[in-house]
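Structure, as structure tokens:
We did not get these values from a lab; they are worked out from the coordinates using the rules stated. Bear in mind the structure is a predicted one, so any value in this text is a computation, not a measurement. Cβ placement follows ideal geometry from the backbone for every residue including glycine, while neighbour counts extend to all protein chains displayed.
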Amino acid sequence: MKGLAKVLCIILLVGIIASGTIVSYGDVEESKEFTPEIALMNKTNDDVTFISGRLTERSEELPEEIVRSVYAKSFEEREVKVDELEFEITEQITNSMGRTVVKTVQVQGGVPVYGSEKNFHVNNEGVVEVVSGKSIGNIGELSKKSTPLRISEEEIINLIERDLGYRIEIFNMSSPKLILYPVDDIYQYVYKVTTSILEPEPNSFTYYICGENLDVINVERVGADSQNSVCGTGVGEFGLIEDLKMVEENEIFYLINPDENFETGEAVNFQVFNNTENHFEADPDLPISRLTHGVDAHYNLTKIIEFFNDHFNRNSYDDEGGLIRCRIMFGPHNARAEPYGNWGDHSEVWFFNRKPLDEEGNEITEGKSTAAALDIVAHEFTHLILYHEGLDYNDGQENMALHEGLADTFGVISEYALEDYLLSEGEFDWYIGEDTGKVMRNAAYPEITQYSDVPNMDPFIPHNAGGVITKAAYLIAEGGTHNEKEIEAIGYSKLAGIFYKAMTDGYVVPQSSLKDFAGYAVTVVNLLKNEQYSHSSIKGEDSIYYCYDDVNTVIDAFTSVELLLGAPGNFEMTDVEELAVDFTWDAISEANYGIYRKETDSEEQPEKIAQTTETEITVETLPGIHDFYIALVDEDGNRISGFSNAVTVEAYLNEPENLRISKEIGLITKVKWDYNEASCVRYGIYAKPSWSEDEPEKIAETSIKMFFTISLWGSYDYYVAVVDENGERISDYSNKVTVKSSIFCLN
């Protein structure tokens, strides 16, 4: 177990959490050693990015003090010195499962380290259950020693204009934030600046500017007063009259929905659509109007925000009723979400009013803009949720793929829940954007369906890479076979519940990967099952409870797309003696293994019969023919990997020995046998004609070691075997005894 302790030391020690705003530890007293029980762990190269289990002992201390104690532990072969570490607590929340989530970022000399966010989950017993995210070991050695230059707003604007190659009009720009940012594996002082521009075209960027020479290091494009709503209508692209929420002010009606707290309007200067009547319909004489698209966007976004509120109890994208500005722009068939806006503390969703193009680049005449598709609107709203929960969207990195995969998944879930509200009056499906007249993606059968294809993408296309998530989601909801693994469906309500909690319960960090999310989902479904959590179904018809089969489905789905480890390799039987069976398998670092068994050809799920941390085991089987499997399990015995291939074992109790004729009197023959293994044993007497090659048939049972038979005709072979309380044979047959009728012998 020393190796396990060392692993936790490395994982946790580089992510120390403190009881103050910024602290370092060089003089913390060491506490007695505790061996953690690691259930699930995800490693990317040498970085551990997610770990769950019982990582600490029970404690009555505050969460930050609990974790502080963990980091102060004395482990052998410590690889990181405690006094090199500084961390800042950025937030502390309570998630939906009652866990305290402490969010931290690593700092060096008071400066945050890019990509070092780490979240800790502490349960109500004072046990650390989850560490999500990573920290940077030896940051002092990896940091470039320099003094950052001061930078003004004017200098920043000039830098951006030189980088873009044209003059810009700034609507909003954050104050430059100094961070330690990796450049060729060396962490340098860099200013991070987020900016939104209006001219020449509305856009938003994050700039990373070298603090030493003010060069641009990297650029990333990222994606009201209390009023009473009144009822109104509008006509969108489908020509339907749509019910809309709006406000009236000075006899003017505005497309402002105060209940769901969003506004819909033109992109230019963000002019909210308004009218002297509560009915919005484009002037047919205008060659171009964005109003029809605005009506669709306003209608669809209302339904989406209402759905997330009704089913997930989420109040807007930030769960605090945050303002969203819905913007209709002239441009290509597209949509996007921005994590921050040009006018202050809110987010934006932009819909472009062009129709989709066919394969030859021509506009589809009957096509619609992205605002008309409810699944696209839900997709963009999900992006806002993910931004708020802390998931970044960095060029060329996996968090982009996770963003897109989850956004597509909740686009599908929303369309399933709100099928009656589809403007196309069509039916729910797994296509993304089909209501515009052109399918953007097939989320059930995406271009990429297994993780091994993601690192090899050239170019990296996050919407395609996100297919690994949507494929797993489809299998969870609908079931099916993928990569030779069969997955049982558990439906859309459970899919939604598991994925939503994995997104919003404090697991996500800025650099969360596809594999990290699979770990979040498995952790969530095990909690839901263990704590008998329930909620209403998406369509409000039933109460939803979670069980062991749900855990199996989630694990099998993520295993089939290669986001979870498979079972240990080379699982094999090495010996069997009576009912004792020996197995061995290949080791997986710091793993717990479960041994599972079911009757061969049975339709039942395999049942766990043993658990070990070793790579060999002797288990007792049941008499008969059974299939055995191995899988990874957590500290509570829950399976967290797929099953191995089946190993079929046929085993029985030792057979009775020395079956013999004890006495013959006329036609009556007395047979006896020896058996010394157990008391209260029942025996079955089996016979068949000597000339027959058929299996012997049971003709009698007894609890004593002898039997009388009457032979009237012919020659019969007799056997004896041990049977259970149901009369089923549970041992091999004894040796054969042949009894011939005396009448037969005279002939």
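Of the residues THR504, THR49, THR574, THR470, the one with the fewest other Cβ atoms within 10 Å heads the list, and the complete ranking is THR574, THR504, THR49, THR470.
Here r is the Cβ-Cβ distance between ASP243 and ASP163 and R0 is 51 Å; the resulting FRET efficiency, rounded to 0.05, is 0.65. Out of ILE640, ASN213, THR436, whose Cα points farthest toward the positive end of the dipole of the chain (charges: +1 Lys, Arg; -1 Asp, Glu; placed on Cβ)? Working it through, the farthest residue towards the positive pole turns out to be ILE640.
Note that the stretch 401-548, at 4 °C in a medium of 1.567 mPa s, gets a Stokes-Einstein diffusion coefficient of 81 µm²/s from its Kirkwood radius over C-alpha pairs. For the listed peptides 105-113, 359-367, a ranking on the average number of other beta carbons within 10 Å per residue, highest first, reads 105-113, 359-367.
Cα centroid separation, the stretch 651-669 to the stretch 286-314: 84 Å.
Our analysis of the stretch 228-279 gives Rg over Rh at 0.96, with the two radii drawn from alpha carbon positions and Rh computed by the Kirkwood formula.
Here the Kirkwood formula puts the hydrodynamic radius of the stretch 410-456 at 11.9 Å, using every distinct Cα pair. Sorting ASP724, ASP634, ASP163 by the number of Cβ atoms found within 10 Å of their own Cβ, with the fewest placed first, yields ASP163, ASP724, ASP634.
Around the amide H of MET246, modelled in the peptide plane, lie the amide H atoms of VAL230, GLY232, all under 5 Å away and 5 or more residues distant in sequence or on another chain. Each residue of the stretch 125-142 was assigned a 3J(HN,Hα) from its phi angle through the Karplus curve 6.51 cos²θ - 1.76 cosθ + 1.60 (θ = phi - 60°); the sequence is 8, x, 10, 6, 9, 9, 10, 10, x, 9, 10, 9, x, 6, 4, x, 6, 8 Hz, with glycine and proline shown as x. Using the structure shown, list the pairs from LYS118/LYS145; LYS303/LYS368; LYS598/LYS670; LYS118/LYS192 with a Cα-Cα distance above 29 Å, or answer none. Exceeds cut-off: LYS598/LYS670. Judged by the ratio a/c of the largest to the smallest principal axis of the C-alpha gyration tensor, the stretch 572-651 counts as oblate, that ratio being 1.5 or greater while a/b is no larger than b/c. Normalised by 2.2 N^0.38 Å, with N the number of residues, the alpha-carbon radius of gyration of the stretch 657-746 equals 1.07. Taking amide H as placed 1.01 Å from N in the peptide plane, the amide H of LEU653 sits under 5 Å from that of SER731, ASP732, each at least 5 places away or on another chain. Residues whose amide H comes within less than 5 Å of that of ALA39, counting only those at least five positions distant or on another chain, are SER52, GLY53, ARG54, GLU635 (H built at 1.01 Å from N in the peptide plane).
Computed about the Cα centre, the dipole magnitude for the stretch 153-221 is approximately 180 debye when only Lys and Arg (+1) and Asp and Glu (-1) carry charge, each at its Cβ. Comparing PRO510, ALA580, ALA567 along the charge dipole axis of the chain, the residue lying farthest to the positive side is ALA580, per the Cβ-charge model. Across the stretch 491-504, coupling constants 3J(HN,Hα) worked out from phi with the 6.51/-1.76/1.60 Karplus curve, θ = phi - 60°, read x, 7, 5, 6, 4, 4, x, 5, 5, 5, 5, 5, 7, 10 Hz, and Gly and Pro carry x.
Taking a ≥ b ≥ c as the square roots of the Cα gyration tensor eigenvalues, with a/c under 1.5 meaning rounded and otherwise prolate when a/b beats b/c, else oblate, which class fits the stretch 153-221? Cα axes put the stretch 153-221 in the prolate bin. Taking LYS245 as the anchor, which aspartates and glutamates have their alpha carbon closer than 14 Å to its alpha carbon, excluding any fewer than eight residues away along the same chain? Result set, ordered by chain and number: ASP259, GLU260, GLU263, GLU277, ASP296, GLU306.
Residues TRP691, TRP585, arranged from fewest to most other Cβ atoms within 10 angstrom of their Cβ, appear as TRP691, TRP585. Estimated from helices alone, the mean residue ellipticity of the chain at 222 nm is -6500 deg cm²/dmol (sum of -39500 (n - 2.57) over DSSP H runs with n ≥ 4, per residue). Using the empirical formula 2.2 N^0.38 Å as the baseline, the Cα radius of gyration of the chain reaches a ratio of 1.24.
Taking the Cα centre of the chain as origin and assigning +1 to Lys and Arg Cβ atoms and -1 to Asp and Glu Cβ atoms, the resulting dipole is close to 1920 debye. For the stretch 610-620, backbone phi angles converted through the Karplus equation (6.51, -1.76, 1.60; θ = phi - 60°) give residue-by-residue couplings of 7, 9, 7, 9, 7, 10, 8, 7, 10, 10, 9 Hz, Gly and Pro being listed as x.
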